[in-house]
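These notes concern the structure reproduced below.
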Amino acid sequence: MTISSKDGQELSGRISILNMAVSYATTGPSIATGEIKWSTLRRSFKTIILRENFSDSDNFALDNNTITISASELLRDTDTTKSEDPIVGDATENAAVATSSDWAASQMRNTIKAWFVGQTGTDDNTSDGSVPGLDVVSMVDPTPWSSNLGKTIPKRLFITGVVGSSVPDVAALRCQTSTLRNLTIDVAGNVEAGGGNPNGGTGGSAIDLNTTTSTRVVVNVRAGAYISAGGGAGGQGGYGTYRYKSGTQCTHVGGFCGGCPGAYKTEWCRGDCGRGPNSFCSCCQESDVYSTATAVGGDGGVGAGYVNQTAGSGSGPSQGSGGTGGNGGERGVAGSPGSDGNSTPGPTAGGDPGRAIGPAGGSWSVTGSLIPGTTLVGLYIP
């Protein structure tokens with residue numbers, strides 16, 4: 001995408017497609033050689049309105065020649081406390097630009113104003129549950145994207161497809177880095193966490209912003225977006241008992257001449273009964289022996305999530321008087337506890353739900369179409 005300015009200088013938004021689901025772009029003056037004009041720097045850094053969608057163009061409608069720009073405004077801004085985007089942000093690509101003095105126009109060659117990443121299609125971890133559906137840190141490597149996550153350069157991640165996790169232990173969209181600054185995650189598509197595993201497992205988080213230090217991190221939720229936490233799994237049913245045949249026994253019933261009658265079993269025979277050749281036999285009656293054992297309670301149902309779109313029902317015990325497992329929770333809802341058996345241990349509690357955006361106690365803000373239960377399912381406030 002190349003946009004020609006009215007003074008003949010080119011402004012470029014460089015686009016690269018990494019795979020079918022993720023593309024990236026930067027915007028800036030794209031001055032590798034040739035004359036550097038103040039009007040180009042003003043247009044590229046000061047009056048530009050950054051695009052609202054990945055496929056859009058940046059907006060230069062506010063630019064005009066009555067607006068001035070100075071060298072001091074074009075210093076590289078490393079201040080992390082500001083509430084607005086810097087004119088020239090700190091970035092790997094902008095490392096040559098001075099921060100306090102000795103600014104020179106030549107330092108502006110190959111500089112950028114902002115980074116953009118666009119996600120489409122489906123990114124999930126169904127083939128490898130040890131990684132997130134989409135990792136914000138590594139999704140566009142090898143590029144300077146990851147090295148810029150802790151810098152002040154504006155960064156926009158647009159999610160218009162589906163990002164999912166098949167497991168509760170790993171988030172669908174994860175950003176784990178020590179420092180995160182000036183990042184907007186703009187969600188128009190789906191980000192879906194995994195449901196909790198049977199017997200009290202906790203549901204997963206849809207977006208994990210687990211950083212040590214973060215400033216100006218925003219999740220913008222578009223109308224029609226769907227960011228859903230995983231439901232907690234149902235608890236296991238309490239233990240019970242059951243009877244089983246453990247063997248047989250033969251109970252002595254007496255002696256008989258000429259052998260044991262009917263269903264009686266012979267214990268031994270010897271001698272005679274004094275009435276001819278008939279032997280005297282000791283006889284017993286065989287019967288089954290039963291024992292009592294522990295019956296394990298039924299399993300709790302899985303929590304609803306990316307793979308299991310609806311919560312699973314708890315199962316009954318395999319035998320005996322164990323309790324029934326609890327039902328799994330729907331997205332963003334805790335699982336139900338298991339029911340009692342007639343023995344110990346008793347039933348376990350249902351699992352807690354995950355979060356739409358986590359972890360608790362983090363630092364970010366959420367804007368846009370915030371409709372609990374519709375665009376956001378689960379907790380999302382830090």
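Each reported figure results from applying straightforward, stated rules to the coordinates on display, with no laboratory input. All values derive from a computational prediction rather than experimental measurement. As a convention, Cβ positions derive from the backbone with ideal geometry for all residues, glycine included, and neighbour counts pool all protein chains shown.
For the range 233-260 versus the range 148-176, the spacing of their alpha-carbon centroids is 60 Å. Cysteine residues of the chain whose C-beta has no other cysteine C-beta under 4.7 angstrom: Cys175. Across Thr143, Thr251, Thr66, mean-square fluctuation computed from a Gaussian network of the chain (C-alpha pairs under 10 Å connected) peaks at Thr251.
Which chymotrypsin sites (Phe, Trp or Tyr not before Pro) from the range 115-160 combine a DSSP loop assignment with at most 14 other Cβ atoms within 10 Å? Taking the range 115-160 and a limit of 14 other Cβ atoms within 10 Å, no loop chymotrypsin sites (Phe, Trp or Tyr not before Pro) are found.
The protection proxy used here, the mean number of other Cβ atoms lying within 10 Å of each residue, ranks peptides 368-374, 166-172 as follows, highest first: 166-172, 368-374.
Once you reduce the range 46-108 and the range 191-223 to the center of their Cα atoms, the two points are 32 Å from each other.
Considering only alpha-carbon pairs that sit under 8 angstrom and 6 or more positions apart, the relative contact order computed for the range 241-294 is 51 percent. With a Cα cut-off of under 28 Å and a minimum spacing of 8 residues unless on different chains, the lysine pairs in the chain number 19. Counting only Cα atoms, the range 241-294 measures 55, 16, 11 Å along its principal axes, largest extent leading. Kirkwood-type hydrodynamic radius, the range 203-283: 21.2 Å, calculated from all non-identical alpha-carbon pairs. Loop-located trypsin sites (Lys or Arg not before Pro) in the range 43-92 (DSSP state not H, G, I, E or B) with no more than 15 neighbouring Cβ atoms inside 10 Å: Lys82. Rounded to the nearest 5, the antiparallel percentage of DSSP beta bridges internal to the chain is 45%.
Using a Debye calculation, one point per C-alpha and no hydration shell, please list log10 I(q)/I(0) for the chain at q = 0.08, 0.10, 0.13, 0.14 Å⁻¹ in order. Values returned for q = 0.08, 0.10, 0.13, 0.14 Å⁻¹ are -0.56, -0.74, -1.00, -1.09. Highest mean packing comes first when the peptides 35-42, 56-63, 199-206 are listed by Cβ atoms within 10 Å, giving 199-206, 35-42, 56-63.
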